[in-house]
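Below is the structure I would like to discuss, written out as structure tokens.
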Amino acid sequence: MKVALFVTCLADGLFPEVGRATVTLLERLGHEVVFPKAQTCCGQMHTNTGYGRQAVPLVRHHVETFEEFDAIVAPSGSCVGAVRHQHAMLARKAGDDDLAVRAEATASHTWELSEFLVDVLGVEDVGAHYPHRVTYHPTCHSLRLLRVQDKPLRLLRAVRGLHLVELPDADQCCGFGGTFAVKNADTSTAMLADKMKNIMSTRAESVTAGDSSCLMHIGGGLSRLRVGTRTVHLAEILASTENSVGR
Amino acid sequence: MSTFLGMPAIHAPRGVGGLRGDESFPKAAKAALGDTQLRANIGRATRTIREKRAAVVEEVPDWEELRLAGQQVKAATMARLDDHLRTLEEAVTRRGGVVHWARDANEANAIIADLILATGETEVVKVKSMVTQEIGLNEALEAQGITATETDLAELIVQLGHDKPSHILVPAIHRNRAEVREIFLREMPGVPPDLTDDPRQLAMAARAHLRQKFLTAKVAVSGANFAVADSGTLLVVESEGNGRMCLTLPETLITVMGIEKVVPTWQDLEVFLQLLPRSSTGERMNPYTSAWTGVTPGDGPQAFHLVLLDNGRTATLGDHVGREVLHCIKCSACMNVCPVYERTGGHAYGSVYPGPIGAVLTPQLTGIEDNSSLPFASSLCGACFDACPVRIDIPSLLVHLRERHTEEQAKEHRLPTPEAAALSLVGWVMQSPRRFRMAETALRMARPFARSGRFRSLPFPLSAWTTSRDAPAPPPETFREWWERTRDQ
């Protein structure tokens with residue numbers, strides 16, 4: 001299958017390893033990956049901070065960039081959530097019904113990575129090898145906007161060598177929330193503190209999730225505490241094999 | 001988007017009632033976050049209710065269908081709210097009650113005070129009611145020389161402690177039993193001096209105190225959970241039986257309710273009486289459901305007044321999106337699952353309506369500029385929507401109100417705020433892949449300032465982030481550059 005990669009602005013600029021892993025994984029499964037270079041950002045930061053009107057040009061740009069593809073995949077539950085739940089709504093609010101229809105069509109074949117693997121490709125064992133103790137944080141938007149349910153866990157359980165440990169209070173928010181972490185920094189920190197406490201209680205070497213943003217937040221906190229637990233995106237685990245160097 | 005309903009939008013007035021705090025949410029939250037006792041009390045209590053609720057919701061096979069039904073009944077009712085209210089007024093009047101219409105808190109307080117003074121009484125008993133907290137009724141009555149005694153146990157603890165409620169269902173959630181014992185010993189006349197902090201002993205002390213109030217009070221004030229339009233029936237659901245005492249023993253009963261509490265028929269209650277107790281207290285059925293219709297000679301109060309309160313509700317109804325908040329049945333399930341509420345407690349919201357629902361209700365009742373920090377007091381995690389028994393899409397409402405706030409700000413100020421300017425710039429950059437790429441390259445200039453791939457501090461306003469977190473440094477090569485290097489050959 002020909003798959004268009006929506007890498008997301010955060011992964012492009014700050015976590016390129018997540019994009020590289022997604023490409024590696026999809027190619028290993030025998031699919032052709034294309035990277036539409038015009039892509040920028042889904043506009044979620046604008047929408048969720050109260051600048052929905054300013055997000056409309058970004059929606060238009062996203063739709064124009066991706067609408068020609070039959071399968072669009074992003075390694076982010078949050079950005080796919082924005083595409084699926086906000087794009088058409090923003091266009092309609094701005095009175096652009098044509099754009100809303102096109103946004104809906106584009107969203108209907110946009111998938112978060114674990115959804116794409118399990119629902120579209122029908123694979124759970126992607127041939128990965130990752131011999132570490134890992135705990136999984138189901139990010140809020142994957143969990144509640146996309147309802148990815150246990151798909152990431154099914155993928156992780158099929159990874160050879162991986163010891164999956166349950167995260168207590170897994171479904172509680174890590175406290176990131178985009179600009180929330182800046183506007184309500186103290187509350188965000190308190191939420192993060194509890195998330196880190198739960199992560200450390202699992203004695204996992206790595207904490208994984210389907211979103212770079214939440215991992216950036218959790219990783220930023222763990223780094224400050226100087227604990228050994230590291231953050232690793234789900235795509236990176238699934239891309240790892242016995243032969244791959246690195247994490 | 002808002003609709004002009006043919007009358008000026010009246011918001012809850014300033015200077016009265018419990019809808020406005022002294023400081024913005026982030027500031028008030030900072031103080032609350034430092035109170036470890038408060039955080040422990042609230043964390044323990046919300047976890048207990050959360051687990052109870054989850055268990056009883058799990059038992060209902062058609063829970064999702066019930067939620068849908070609740071949502072639809074509410075939406076249909078709001079679409080014809082004016083008709084239902086007129087029907088209610090006619091039915092209440094026909095059954096011997098008197099209906100009063102109050103545009104706002106001041107009008108409602110004046111109506112109630114006059115009704116009480118006309119009976120010649122200066123002491124009233126109260127059933128726990130959110131709307132009387134909203135309008136600041138107790139304070140208004142006190143100014144007229146009338147003493148109002150709260151009869152709900154938790155509300156009594158708050159009242160005796162000269163405190164404010166911090167949860168709509170469990171107003172004293174921020175107190176533990178040792179604190180309650182102290183309050184009783186200090187404030188409750190005739191309390192046994194050897195009172196311990198055993199819950200049963202505390203309850204018995206309150207019971208003795210309240211029993212005497214019930215038996216002497218000639219006037220009671222209540223709120224209402226529901227009003228059935230076609231029969232003119234009012235309902236209060238509660239757990240302690242104190243409500244039933246107030247609703248049956250006094251000679252005069254004054255009920256004040258927000259206009260959104262009306263449901264068209266008795267049949268509609270079937271849905272809500274299943275949704276409410278499981279969502280709020282985690283019970284299959286609430287222990288006391290009291291319903292009364294007008295007055296009945298020789299049985300119960302012989303004078304009944306119903307005060308219908310607007311106080312910003314019509315203005316809220318005029319907002320096509322925001323009006324959904326009026327579907328709320330005040331169950332508090334959203335509070336108990338909210339990670340923000342769990343850590344800050346209710347007082348940080350500055351309103352008697354805290355938590356996720358408060359963050360969307362309060363700014364609409366007062367006008368958004370009086371509570372503009374509240375729609376931002378959420379990480380948009382969505383747990384509130386999943387818990388809401390009538391499926392109010394609170395995260396979307398929060399986003400909608402954030403937008404209303406930024407738009408009103410843009411209208412008021414000729415120069416954009418620093419935030420608006422920054423986001424415009426980011427938006428402009430992101431509209432073009434060329435500009436986005438240039439920004440990524442510019443970002444890389446900061447690399448030499450990073451230590452082991454991370455920043456320990458960032459400039460304002462991102463410094464708020466690095467007070468407790470390290471920020472990632474830009475990588476030597478972006479994904480885009482990697483793709484071009486490895487694939488575009």
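If you average 1/r over every pair of different alpha-carbon atoms in the range B:98-254 and take one over that average, what Kirkwood value in Å do you get?
16.4
When 1/r is averaged over all different Cα pairs and the result inverted, which Kirkwood radius in Å belongs to the range A:133-239?
13.8
How are the Cα pair distances of the range B:190-287 distributed, in percent, across 10 Å bins from 0?
Percent of Cα pairs in each bin: 13, 34, 32, 16, 4, 0.
Would you list which lysines come within 29 Å of A:Lys2, measuring only between C-alpha atoms, while excluding same-chain residues fewer than 8 positions from it?
A:Lys37, A:Lys151
While we're looking at this one, here's another question. How large is the helix-only mean residue ellipticity at 222 nm for the protein assembly as shown, computed as the sum of -39500 (n - 2.57) over DSSP H runs with n ≥ 4, divided by its residue count, in deg cm²/dmol to the nearest 500?
Computed mean residue ellipticity for the protein assembly as shown: -14500 deg cm²/dmol.
Choose one of B:Val131, B:Val73, B:Thr87: the residue whose Cα lies farthest towards the positive end of the charge dipole of the range B:56-160 (beta-carbon charges +1 Lys, Arg; -1 Asp, Glu; about the Cα centre).
B:Thr87
Need one number: buried accessible surface between chains A and B, 1.4 Å probe, both sides summed, DNA, RNA and ligands left out, in Å² to 100.
About 5700 Å² of accessible surface is lost on pairing.
Moving to a separate point now. Enumerate cysteines in chain B without a disulfide-compatible partner, where compatibility requires another Cys Cβ under 4.7 angstrom.
B:Cys246, B:Cys328, B:Cys331, B:Cys338, B:Cys388
Given the C-alpha centroids of the range B:216-293 and the range A:146-164, what is the distance between them in whole angstrom?
Taking the Cα centre of the range A:146-164 as reference, the centre of the range B:216-293 is 48 Å away.
OK, next. Per residue, what accessible area does the range A:2-120 have, given a 1.4 Å probe and all protein chains present, in Å²?
Solvent-accessible surface per residue comes out at 31 Å².
Restricted to Cα positions, what overall size does the range B:324-463 have along the principal axes? Three whole-Å values, descending.
Here the spans come out as 54, 40, 26 Å, largest first.
Further, regarding this structure: Averaged over peptide B:380-391, how many Cβ atoms belonging to another chain are found within 10 Å of each residue's Cβ?
4
Using Cα positions and a limit of under 24 Å, work out the lysines in reach of B:Lys218, with same-chain residues fewer than 8 apart set aside.
Cross-link targets: B:Lys126, B:Lys128.
Under a cut-off of 17 Å between alpha-carbon atoms, report the aspartates and glutamates in cross-link reach of B:Lys261, not counting same-chain residues fewer than 8 places apart.
Within reach: B:Asp82, B:Asp83, B:Glu89, B:Glu90, B:Asp104, B:Glu134, B:Asp230, B:Glu238, B:Glu270, B:Asp310, B:Glu324.
Quick check for you: with a 1.4 Å probe and neighbouring chains kept, what is the accessible area per residue of chain B, in Å²?
Ligands and nucleic acids excluded, the figure is 43 Å² per residue.
Follow-up question, since we're still on this one. So how do B:Arg175, A:Arg53, B:Arg402 rank on accessible area, 1.4 Å probe, biggest first, that is with the largest at the start?
A:Arg53, B:Arg175, B:Arg402
Right, next: Can you find, among A:Gly127, A:Gly221, A:Gly13, the residue farthest towards the positive end of the dipole of chain A? Put +1 on the C-beta of Lys and Arg, -1 on that of Asp and Glu.
The one lying farthest along the dipole's positive direction is A:Gly221.
Express the accessible area of the range A:133-239 per residue in Å², computed with a 1.4 Å probe while the remaining protein chains stay in the model.
Ligands and nucleic acids excluded, the result is 33 Å² per residue.
Using just the alpha carbons, could you tell me how many Å³ per residue the convex hull of the protein assembly as shown encloses?
In the protein assembly as shown, the Cα hull volume divided by residue count equals 164 Å³.
While we're here: Please calculate the 1.4 Å probe accessible area of B:Arg284, with all protein chains present, and give it to the nearest 10 Å².
150
Please work out the C-alpha center-to-center distance from the range B:444-478 to the range A:74-123 and express it in whole Å.
Taking the Cα centre of each part, the range B:444-478 and the range A:74-123 sit 31 Å apart.
Could you sort B:63-72, B:241-250, B:258-267 so that the peptide with the highest average Cβ count within 10 Å comes first and the rest follow in order?
So the order, starting with the most tightly packed, is B:241-250, B:258-267, B:63-72.
When you count, for each residue, the other Cβ atoms within 10 Å and take the mean per peptide, how do A:226-233, B:432-439 rank with the highest first?
Peptide ranking by packing, descending: A:226-233, B:432-439.
Could you give the Stokes-Einstein D for chain B in µm² per second, using the C-alpha Kirkwood radius, 20 °C, 1.002 mPa s?
Reported coefficient: 87 µm²/s.
The values are calculated or read from the model by the stated rules, or taken from the named source; none is laboratory data. Keep in mind that what you see is a predicted model, and the values were worked out from it rather than measured. Using ideal geometry, Cβ is built from the backbone for each residue, glycine included, and neighbour counts are taken over all protein chains shown. The protein model used for the area step is the full one, side chains on, heavy atoms only, and it has no ligands, DNA or RNA in it. Shrake-Rupley method; radii C 1.70, N 1.55, O 1.52, S 1.80 Å.
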